[in-house]
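Quick notes on the structure that follows.
Each value in this text was obtained by applying a stated rule to the coordinates, not by laboratory testing. Worth saying up front: this structure is predicted, and the values here are computed from it rather than measured. Note that we place each Cβ from the backbone using ideal geometry, even for glycine, and neighbour counts take in every protein chain shown.
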Amino acid sequence: MERRALPFYEETRSKTYAEWDILPLLDSWGENVIRRSEKSGKKALITGVTGQDGSYLAEILLAKGYEVWGMVRRSSSPNTTRIDHLIEDPRGEDVRFRLVWGDLNDASSLNHILRSIGPNEVYNLAAQSDVKISFDIPEYTGDITGIGAVRLLEGIRENGLQTSFYQASSSELYGKVVESPQSETTRFYPRSPYAAAKAYAFHITRNYREAYDMFAVNGILFNHESPRRGLNFVTRKITHGAAQILAGKLDCLFLGNLNARRDWGFAGDYAEAMWLMLQAEQPSDYVVASGETHPVREFCALAFARAGLPLSWQGEGVDEVGLGPDGDVLVRVDPRYFRPAEVDLLLGDPTKAKRELGWEPKVSFMELVNSMVDADLELLGVKALEPQPSTAG
């Protein structure tokens with residue numbers, strides 16, 4: 001069946017919002033959709049489906065023959081850019097991808113969605129995921145990122161569903177690390193409201209697994225990036241910034257802590273690990289990481305070099321700058337981007353995931369950087385200058 005890049009919220013002359021496959025599923029049309037779906041194979045519900053991870057996971061599940069339901073918050077301007085290529089006309093036969101209205105702060109909508117769909121698997125990827133912003137909106141972050149998980153778990157339990165549950169945990173749980181590399185047994189030391197909320201979600205997921213014998217798992221995913229990453233994340237900010245400079249739309253890129261070291265991998269590889277966790281014989285928690293760590297400065301140097309703008313670094317601390325091939329300052333440090341409590345080093349140990357799940361990352365760090373730069377260059381319609389060696393520092 002030919003897929004259509006049709007925004008799910010689009011109104012047409014013949015269809016209204018309710019008829020375009022948006023739950024509540026209270027009308028007869030919606031009920032017919034549910035009856036048809038029960039004749040299919042596995043069904044999965046993804047919260048945060050419009051995000052980077054949700055879009056990759058949806059693609060993986062669809063390729064495996066799943067019927068995929070994605071939960072979307074009601075908004076006057078929904079962002080479905082990452083999943084537009086998956087959206088189908090719901091009037092067609094054998095529609096495999098559908099979107100539903102819902103919100104992690106609304107238990108009634110979650111219960112209705114779970115009861116109506118009856119998913120075999122639930123992947124909770126939705127969150128207020130900006131660490132820096134979590135200091136500005138800590139209560140909201142706690143409600144969505146933390147309490148949202150227990151609303152889903154309780155909905156599964158109350159409805160008596162035999163549903164496997166995946167909770168997206170984060171390497172930010174380790175915060176002020178007590179050992180390196182960090183594994184499933186490393187003690188948490190969260191250093192932000194976001195990380196504290198993720199810690200609650202982690203422990204409540206484990207609690208429901210042990211208290212109610214639920215198949216509920218935590219995936220402690222270290223930093224995972226892609227060309228679909230949001231512009232508010234430092235990796236995408238760097239690659240997009242390099243492309244903007246090359247296109248003449250930006251003079252200088254401002255960054256925060258260049259010394260912060262992260263374990264970066266490809267989001268598509270990590271989405272595959274999410275699925276593998278729910279196929280295991282017994283539920284357990286897993287670290288998903290590359291096993292390598294790189295400073296922000298290195299990522300920046302490699303990205304600019306890929307764009308043909310090799311950097312040389314001068315100065316220290318807030319006075320450090322990255323100079324382009326013509327001596328122009330292309331990168332500066334802005335203290336406004338420093339976190340109130342910094343996380344200096346994250347390095348994951350994925351041994352357990354490799355041993356028990358057979359998971360292996362397929363995209364290298366260099367391939368990841370190159371793909372992100374290339375995508376942003378294409379997005380802005382510019383070509384890289386002649387590739388030059390970088391000075392990573």
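Which far-off residues, 5 or more places away or on another chain, put their amide H under 5 Å from the one on Gly70, with H placed in the peptide plane?
The answer is Ile46, Arg98, Leu99, Val100.
Mind checking the full-extension length gain between Ile133 and Gln279? Use 0.36 nm per residue of separation minus the Cα-Cα distance, one decimal, nm.
Gain on stretching Ile133 to Gln279: 49.1 nm.
Which FRET efficiency value, to the nearest 0.05, is calculated for Ser312 and Asn259 with the Förster distance at 25 angstrom and r the Cβ-Cβ distance? Before the final figure, lay out the partial values.
Details: r = 17 Å, r/R0 = 0.69.
My answer for the efficiency is 0.90.
What's the ranking of 333-339, 344-350, 45-51 by average number of surrounding C-beta atoms within 10 Å, highest first?
My ranking of the peptides, most packed first, is 45-51, 344-350, 333-339.
About the Cα centre, and with charges only on the beta carbon of Lys, Arg (+1) and Asp, Glu (-1), how big is the dipole of the chain? Nearest 20 debye, please.
Value, rounded to 20: 460 debye.
I'd like the per residue volume of the convex hull spanned by the Cα atoms of the chain, given in cubic angstrom.
Values: hull volume 57.3 nm³, N = 393.
Per-residue hull volume (Cα only) is 146 Å³.
How much length, in nm to one decimal, is gained on full extension between Tyr212 and Tyr189, taken as 0.36 nm per residue of separation minus their Cα-Cα distance?
Values: separation 23, 0.36 × 23 = 8.28 nm, distance 2.72 nm.
This chain segment gains 5.6 nm when fully extended.
How far apart, in nm, are the 7 Å Cα→Cβ label points at Met366 and His85?
About 2.6 nm, to one decimal.
Roughly what angle does helix 234-246 make with the longest principal axis of the chain, taking Cα atoms, 0 to 90 degrees, to the nearest 10?
60 degrees
Sort segment 135-233 into rounded, prolate or oblate with this rule: let a ≥ b ≥ c be the square roots of the eigenvalues of the Cα gyration tensor; rounded if a/c is under 1.5, and if a/c is not under 1.5, prolate when a/b is larger than b/c, oblate otherwise. Intermediate values should be presented prior to the final figure.
Details: a/c = 1.70, a/b = 1.43, b/c = 1.19.
Since a/c reaches 1.5 and a/b is larger than b/c, the shape of segment 135-233 is classed as prolate.
Whole angstrom only: what separates the Cα centroid of segment 315-330 from the Cα centroid of segment 53-100?
43 Å
Only Cα pairs under 8 Å and at least 6 apart count here; give the relative contact order of segment 241-300 as a rounded whole percent.
On the way: 41 pairs, mean separation 25.9, N = 60.
It rounds to 43 percent for segment 241-300.
Sorted by mean Cβ packing within 10 Å, highest first, what order do the peptides 312-325, 160-173, 206-219 take? Before the final figure, lay out the partial values.
On the way: 312-325: 14.5, 160-173: 21.9, 206-219: 18.3.
Going by the mean number of other Cβ atoms within 10 Å, highest first, we get 160-173, 206-219, 312-325.
What net charge do the residues around Phe222 carry, taking every other residue with its C-beta under 12 Å from that of Phe222, with Lys and Arg at +1 and Asp and Glu at -1?
Details: positive: Arg261, Arg262; negative: Glu172, Glu225, Asp263, Asp269, Glu292, Asp349.
Around Phe222, the surrounding residues sum to -4.
What's the angle, to the nearest 10 degrees (0 to 90), between helix 107-117's Cα axis and the longest principal axis of the chain?
70 degrees
How much length, in nm to one decimal, is gained on full extension between Glu378 and Asp143, taken as 0.36 nm per residue of separation minus their Cα-Cα distance? List each step's numbers first, then the result.
Details: separation 235, 0.36 × 235 = 84.60 nm, distance 3.79 nm.
Going from the current span to full extension adds 80.8 nm.
Express as a percent, rounded to the nearest 5, the fraction of DSSP beta bridges in the chain (both residues included) that run antiparallel. Walk me through the numbers before you get to the answer.
Numbers: 8 of 42 bridges.
Within the chain, antiparallel bridges account for around 20 percent of the total.
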